[in-house]
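Below is one structure, written out as structure tokens, with a few remarks after it.
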Amino acid sequence: MKISLFTDGLRDLSFESMLDWCAAHGIDAVEIGTGNFSPAPHCVFGALVESDSARAEFLGAIATRGLHLSALNCSGNLLDPDSERRERTQQIFRDSVRLAAQLRVTTVVTMSGCPGEPGGAARFPNWVTCTWQPEFQPLLEWQWREAVEPFWRETGQFAADHGINVALEMHPGQAAYNTRTLLRLRESGGEAVGANLDPSHLFWQGIDPLRVIAALGEAVFHVHAKDCWLDAEEMALNGGLETRTAAPRAWEHCIPGEGHDENFWRDFAAALSRAGYGGPLSIEYAGPSADTCDGIEKAAALLRRASKK
């Protein structure tokens, strides 16, 4: 498998310097952020959307270094109950789909979105994860019936019309956060909607990424290679549901190999191959900013070994 890099990890480098670094360190492809949760450090998004020459220059800079563009990433809350945030997020997503088609890249990475509650005054997302209190179940069904499914029926068709696969990251805080919810959403969105398989968000939910790959099969459109370290003591005491933003919570995102050893990543690559996945392993760096370049190099080296047949 090819090794890609979600280049937000090198956000302190200019576009050209980032490409030079990737080419010099054995990275095969780049995944470029276009906005929303991504600060889009390597993409002058408006110019690319509007200008043929800007797109040609952008692709040329990538190609002349022996790299290719693996995906665009515009992860964000597409169903944000705040109307201004929602409109802005959806516009960036739609423009990213159009741009991907113009750039001849087939994958746009994003998230499924999380609505609020009925009524026009809601401003904050409401992520329902349990059956009780009694109000949670009708709220959850309202979210799916009135927000999630209608949006993805329309959006799945929009993506299909542009020849784009939308790879949704199964992320806590979003409507699709595990296998069941991803497949439910795909029933509405159709075959143009699938998964960005990021095991780091599955581990702390107690989900086995290898089982997920087997269950999703051809619906795995993209892969983020990111690990998660689990603190056994904290997991036993407080579990994985967590509102603390840092240690001593029960889990921390990290680079491949620091949470699960090389044997897991070998099994991970093999499971993807069995499922028919032919795309790259795209490193999403998670670690101290002072160690970014070293961490990406270590992750890439491990993933190359693990994905060798």
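The values are calculated or read from the model by the stated rules, or taken from the named source; none is laboratory data. Just so it is clear, the structure is predicted and the values come from calculations on it, not from any experiment. Note that we place each Cβ from the backbone using ideal geometry, even for glycine, and neighbour counts take in every protein chain shown. To get the accessible areas, we keep the full protein, side chains included, count just its heavy atoms, and leave off ligands, DNA and RNA. Shrake-Rupley method; radii C 1.70, N 1.55, O 1.52, S 1.80 Å.
In the condition set (1) surrounded by fewer than 20 Cβ atoms within 10 Å (Cβ to Cβ); (2) under 28 Å from Thr106 (Cα atoms), Leu302 is compliant with all but (1).
Does segment 258-274 include one or more residues that are at pLDDT 95 or above, hydroxyl-bearing (Ser, Thr, Tyr), within 20 Å of Asp28 (Cβ to Cβ) and crowded, with 16+ Cβ neighbours inside 10 Å?
Let us first name the residues in segment 258-274 that are at pLDDT 95 or above, namely 258-274.
So of that shortlist, the ones also hydroxyl-bearing (Ser, Thr, Tyr) come out as 273.
Narrowing the set further to residues that are within 20 Å of Asp28 (Cβ to Cβ) leaves 273.
After this cut, where a residue has to be crowded, with 16+ Cβ neighbours inside 10 Å as well, the list is none.
Within segment 258-274, not a single residue is at pLDDT 95 or above, hydroxyl-bearing (Ser, Thr, Tyr), within 20 Å of Asp28 (Cβ to Cβ) and crowded, with 16+ Cβ neighbours inside 10 Å.
Filtering segment 236-248 for residues that are touching a Ser or Thr at 6+ places or on another chain (Cβ under 6 Å), modelled with pLDDT of 95 or more and either surrounded by fewer than 18 Cβ atoms within 10 Å (Cβ to Cβ) or not hydroxyl-bearing (Ser, Thr, Tyr) (or both) leaves an empty set. Check whether at least one residue in segment 202-210 is in contact (Cβ under 8 Å) with a residue 24 or more places away in the chain and closer than 18 Å to Phe93 by Cα, and report yes or no. No: zero hits.
Residue count for segment 15-39, restricted to those that are out of contact with any helix residue (DSSP H, G or I) (no Cβ under 8 Å at 6 or more places or on another chain), open to solvent by 20 Å² or more (accessible area, probe 1.4 Å) and in contact (Cβ under 8 Å) with a residue 12 or more places away in the chain: 4.
Return yes or no: is Ala195 without any contact (Cβ under 8 Å) to a residue 60 or more places away in the chain, in contact with a Phe, Trp or Tyr (Cβ under 9 Å, 6 or more places away or on another chain) and closer than 18 Å to Glu284 by Cβ? Taking the combined requirement at face value, the residue satisfies it.
Within the option set Asp267, Asp294, Asp227, Asp231, being free of Cβ contacts under 8 Å to residues at least 12 places away in the same chain and acidic (Asp, Glu) holds for one residue only, Asp294.
For Thr179, the requirement of being over 27 Å from Gln91 (Cβ atoms) and at pLDDT below 95 is not met. Taken over segment 81-93, the residue count meeting the criterion of being open to solvent by 70 Å² or more (accessible area, probe 1.4 Å) and closer than 20 Å to Ala160 by Cβ is 1. Cβ separations smaller than 6 Å between residues 6+ apart or across chains give the following pairs from segment 87-109 residues that are over 19 Å from Ala56 (Cβ atoms) to residues that are surrounded by fewer than 19 Cβ atoms within 10 Å (Cβ to Cβ) and of a type outside the set (D, E, K, R): Val97/His162. Would you be able to say whether some residue in segment 284-298 is over 25 Å from Ser75 (Cα atoms) and surrounded by 15 or more Cβ atoms within 10 Å (Cβ to Cβ)? Yes, segment 284-298 contains a residue that is over 25 Å from Ser75 (Cα atoms) and surrounded by 15 or more Cβ atoms within 10 Å (Cβ to Cβ). Looking at Asp52, is it touching a strand residue (DSSP E or B) at 6+ places or on another chain (Cβ under 8 Å) and open to solvent by 20 Å² or more (accessible area, probe 1.4 Å)? No. Contact map, segment 48-70: first residue free of Cβ contacts under 8 Å to residues at least 24 places away in the same chain, second residue open to solvent by less than 60 Å² (accessible area, probe 1.4 Å), Cβ cut-off under 6 Å, separation 6 or more or different chains; pairs are Ala54/Ala47; Ala54/Leu48. In the set (1) in a helix (DSSP H, G or I); (2) closer than 28 Å to Ile32 by Cβ, the condition left unmet by Tyr285 is number (1). For first residues located in segment 154-175 and free of Cβ contacts under 8 Å to residues at least 24 places away in the same chain, partners that are part of a loop (DSSP other than H, G, I, E, B) and lie 6+ apart or on another chain with Cβ distances below 9 Å form the pairs Asp161/Ala192. Considering only residues that are under 25 Å from the mean Cα position of the chain (by Cα), open to solvent by 50 Å² or more (accessible area, probe 1.4 Å) and within 20 Å of Gln90 (Cβ to Cβ), which ones fall in segment 118-141? Within segment 118-141, Arg123, Phe124, Pro125, Trp127 qualify.
Given the criteria part of a loop (DSSP other than H, G, I, E, B), open to solvent by less than 60 Å² (accessible area, probe 1.4 Å), on the phi < 0 side of the Ramachandran plot and among the aliphatic types (A, V, I, L, M), does Ala101 qualify?
No; evaluated as a whole, the condition is false for this residue.
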